[in-house]
1. Can you tell me how much longer the chain between residue 138 and residue 158 gets when fully stretched, taken as 0.36 nm per residue apart minus their C-alpha distance, in nm with one decimal?
2. Is the shape of the range 18-59 best called rounded, prolate or oblate, per the rule: a/c under 1.5 gives rounded, else a/b larger than b/c gives prolate, else oblate, with a ≥ b ≥ c the square roots of the Cα gyration tensor eigenvalues?
3. Cα extents of the range 12-154 along the three principal axes, largest first, in whole Å?
4. For the chain, with all protein chains present and a 1.4 Å probe, just round the carbon and sulfur fraction of the accessible area to a whole percent.
5. For residue 199 and residue 88, what is the calculated FRET efficiency with R₀ set at 35 Å and r taken between the beta-carbons, to the nearest 0.05?
6. For 104, 162, what's the largest-to-smallest order of accessible area, 1.4 Å probe?
7. Mind ranking 36, 56 by accessible surface for me, highest first, 1.4 Å probe?
8. Quick check for the chain: number of Lys pairs with alpha-carbon distance under 25 Å, counting only pairs 8 or more apart or on different chains?
Amino acid sequence: MAEPAPRKRLTRQQSQARTRALLPEVAQTEVLAQGYSNTSLERVAESAGFSKGAVYGNFPGGKEELCLAVLENHFFGQLQKFVVDFAAGGETIEDRLAVLQRWLEMLLAQEEWQLLAVEFAVQNRHNPKIQAQLAEREKMMRTAVTALLTQQIGQLGVQPVLPPDQLGVVLVAVVGGIAVQRLIDPTIPASLLTAAARALFRAPRPQPPGEPP
C-alpha cells in the first residue's frame with residue numbers, strides 16, 4: 001500500500017497570509033460575544049492557536065488594529081453585497097428602493113455589530129491613529145456609495161436634490177444615524193431611510209391601489 005504523499009509545507013508568505021486571515025475570524029467570535037473592552041489579545045491568540053507575538057507580527061497595532069480589521073471585513077462585505085443587489089434590483093426606482101429597504105432591515109437586525117462599532121469608536125476616540133483609519137474607511141465607503149449613485153442616477157433618469165458626492169455623504173450618515181438611534185429605540189422603522197432616499201432622488205411616492213390621483 002502506497003504511503004500518503006507528505007503535506008506540502010506552506011511558504012513563509014503563505015503561512016503569514018493564513019494567520020492574518022484567521023485572526024480576524026477568531027477575534028470576531030470573541031468581540032461579538034464579549035464586547036471590545038472585555039476581549040483580550042491573549043484570549044484571541046490562544047483561541048486561534050497562535051502566540052501573542054504572532055498576533056502583533058500581523059497586526060502591529062494590537063487589539064485596536066485587529067478589531068478594526070474585523071469591523072472592516074464585516075461592513076465592507078455588507079456594502080459589497082448591497083452594491084451588487086441594488087444594481088440588479090429591477091428597472092424602476094421603486095424596485096431599487098425595495099432592495100435598499102431589505103438591506104437596511106437586515107443591517108439593523110445585526111444589533112451586536114452596531115454595538116461593537118459604537119463601542120470601538122468611543123473607546124478609541126482619543127487615539128489619533130485609529131481615528132484617522134476610521135475616517136479613511138468612512139471615506140472609502142462614501143466613495144463606493146457615490147460611484148453607485150452616479151451610475152444609478154443615469155440609468156433611472158431621476159433628478160437628485162444634491163450632487164452624487166454630497167448625496168453619498170448624506171445617505172451614509174443617515175444609515176449610521178438610524179442604526180445608532182435603533183440601539184436606543186428599536187421601534188424606529190427602517191423605512192425612514194427609504195422615505196429619505198425617495199425625497200433625495202425626487203422620486204414620487206407610489207400611489208396605493210384605489211387612491212385617487
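The values are calculated or read from the model by the stated rules, or taken from the named source; none is laboratory data. Just so it is clear, the model here is predicted, and its values are computed rather than measured. Virtual Cβ from ideal backbone geometry, glycine too; neighbours counted across all protein chains shown. Keep in mind that these areas ignore ligands, DNA and RNA; they rest on the heavy atoms of the full protein, side chains included. Shrake-Rupley method; radii C 1.70, N 1.55, O 1.52, S 1.80 Å.
1. Extra length from residue 138 to residue 158 when fully extended: 4.6 nm.
2. Details: a/c = 2.01, a/b = 1.56, b/c = 1.29.
Prolate.
3. For the range 12-154, the Cα spread along each principal axis is 53, 34, 27 Å.
4. Working: 7150 of 12700 Å².
Within the chain, the accessible surface is 56 percent carbon and sulfur.
5. Numbers: r = 24 Å, r/R0 = 0.69.
Efficiency for this residue pair is about 0.90.
6. 162, 104
7. The ranking, largest first, comes out as 56, 36.
8. Lysine pair count for the chain: 6.
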